[in-house]
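For reference, the structure discussed in these notes is given below.
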Amino acid sequence: MSDTVGGMQRAAVIGAGQMGNGIAHVFAVSGHEVTMIDVSADALARGRDTIARNLERQVKKGALDAEAAGAALARIQTATALDAVGTAQIVVEAATERTDLKFRIFEDLDRLAPEGAILASNTSSISITEIAARTTRPELVIGMHFMNPVPVMQLVEVIRGLATSDATTAQVMALSRALGKTPVEVNDFPGFVANRILMPMINEAIYCVMEGVGTPEAIDTVMKLGMNHPMGPLTLADFIGLDTCLAILEVLHDGLGDPKYRPCPLLRKYVAAGWLGRKSGRGFYQY
Ligand code: NAD
C-alpha cells in the first residue's frame, strides 16, 4: 500500500448523486480503485457521466493530463447492490440525507464490508455516534464531510463519534491529505462545525426575505460585498438544496433543543411547494 493513496488502495462510495460522484472522482484521481454503488442505475449512469465531464474540465484547465484522467475513470466500477463493497478498506457513504436510510445502510455495511474496514459517512448533520451504534465496529465509524463541489473544495470536516478510535481518526486524516484535501478534526455534535454555523446564517437570511427586510438580491449583495463572502447565503442555499437546508435545521433544532434554530416558515413553504433551489429550477432565484 503506497502513501499516495493514504494507506488504503480500495474504496467504495455509497450514493452516486452530487456528492457521491465527486467523492468517487477524487478517490480515483489519487489512485484508488473505487466501486460506486447506488440503488438507482440511472443515478450511476448520470454520476459516471458527471465524473467524465469533470475530469475533462480538469484536463482542459491543465490540472490533470489526459492519460491520468483516462486512468482515473478506468479505476471506477459501478454497482447497484451493497455487497459490491467487496474488499474495500474504506467505505464512504453519501446517500440521501435521511436518518432511517443511513441506519439501514450502516447495518448492512457492517455485515458486508471486510472486518477492519473503516465506515465513513458524508452526512451533513446526522449523528456519527448514533450511526456507529448501529454497527458492531463503532471504533471504525467516522464522519468524512466533503464540501460541494468535491473535486474543487479543499475542506474535509473529519467528525469523531463518541467511540471513534484515535487510530481510525489518524488514518482518515492521512487519507484526506492523500486525496489532496485539508482535513479538520471536530467532535460529533448536531451540525458539527460547518452547518452549525452556516445554517443559522442561511435561516436568518430567509427570515429577512420573509419579513421584507430586503430582496434576495439585496441580501446576497450585502453579504458578498460587506462580508467578502464569495456567494450570498440565498444563492448558497439554492445551491445546497432547500430540502437539505431544512433537514439540517431540523437536526440542529431537535438535537440542541434551542428555539434559535427553528427553521423559517418561508423555508418550509418553499420546500412544500417543491421549490428546492437549483436542482428543481426554482428556489430564491429561477434557473
Ligand atoms: P443526492 O440526492 O444528489 O444523491 C443521493 C444519492 O443516494 C441518490 O443518487 C440516491 O439514488 C442514492 N441512494 C438513496 N438510497 C440509497 C441506498 N440505499 N443505497 C445507495 N444509494 C442510495 O444527494 P447529495 O447532495 O449527493 O447528498 C448526499 C449526502 O451528502 C447527504 O448525506 C448530504 O447531507 C451530504 N452532503 C451534501 C452536500 C451538498 O451540498 N449537497 C454537502 C455535504 C454533504
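The values are calculated or read from the model by the stated rules, or taken from the named source; none is laboratory data. This structure is a prediction, so every number in the text was calculated from the model and none was measured. Neighbour counts run over all protein chains shown; Cβ positions are idealised from the backbone, glycine included. Protein only, heavy atoms only, side chains kept; ligands, DNA and RNA dropped before computing areas. Shrake-Rupley method; radii C 1.70, N 1.55, O 1.52, S 1.80 Å.
Observations on the structure shown:
- Residues that are surrounded by 16 or more Cβ atoms within 10 Å (Cβ to Cβ) and basic (Lys, Arg), drawn from the range 47-79: Arg48, Arg75
- Remark: pairs (first residue in the range 81-103, assigned to a loop (DSSP other than H, G, I, E, B); second residue of a type in the set (D, E, K, R) and open to solvent by 10 Å² or more (accessible area, probe 1.4 Å); Cβ separation under 9 Å; 6+ apart in sequence or on different chains) = Gly86/Arg10; Thr87/Arg10; Ala88/Arg10; Ala88/Glu33; Gln89/Arg10; Ala95/Asp38; Glu97/Asp243.
- Any hit, the range 249-260, residues being over 18 Å from Phe192 (Cα atoms), crowded, with 17+ Cβ neighbours inside 10 Å and within 16 Å of the ligand (Cβ to nearest atom): no
- Residue in the range 213-221 that is more than 16 Å from the ligand (Cβ to nearest atom), touching a strand residue (DSSP E or B) at 6+ places or on another chain (Cβ under 8 Å) and not hydroxyl-bearing (Ser, Thr, Tyr) present: no
- Residue check, Arg104 more than 14 Å from Val251 (Cβ to Cβ) and within 8 Å of the ligand (Cβ to nearest atom): yes
- The residue of the range 82-96 that is nearest to the ligand (Cβ to nearest atom), among those that are open to solvent by 30 Å² or more (accessible area, probe 1.4 Å) and under 23 Å from Leu175 (Cβ atoms), is Leu82.
- Residue ID - farthest from Arg75 (Cα to Cα), chosen from residues in the range 1-53 that are in a helix (DSSP H, G or I) and more than 14 Å from the ligand (Cβ to nearest atom): Asp3
- Residues of the range 203-247 classified as without any contact (Cβ under 8 Å) to a residue 60 or more places away in the chain, open to solvent by less than 10 Å² (accessible area, probe 1.4 Å) and closer than 14 Å to Tyr285 by Cβ, total: 9
Listed here are the residues, each with its yes/no results for (1) part of a strand (DSSP E or B); (2) within 15 Å of Ala88 (Cβ to Cβ).
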{"site": "Glu107", "(1), (2)": "no, no"}
{"site": "Arg111", "(1), (2)": "no, yes"}
{"site": "Thr123", "(1), (2)": "no, no"}
{"site": "Ile131", "(1), (2)": "no, no"}
{"site": "Val152", "(1), (2)": "no, no"}
{"site": "Val158", "(1), (2)": "yes, no"}
{"site": "Ala167", "(1), (2)": "no, no"}
{"site": "Gln171", "(1), (2)": "no, yes"}
{"site": "Val186", "(1), (2)": "yes, no"}
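- Answer from Lys260, Lys224 - the residue that is of a type in the set (D, E, K, R) and either part of a loop (DSSP other than H, G, I, E, B) or farther than 29 Å from Ala63 by Cβ (or both): Lys260
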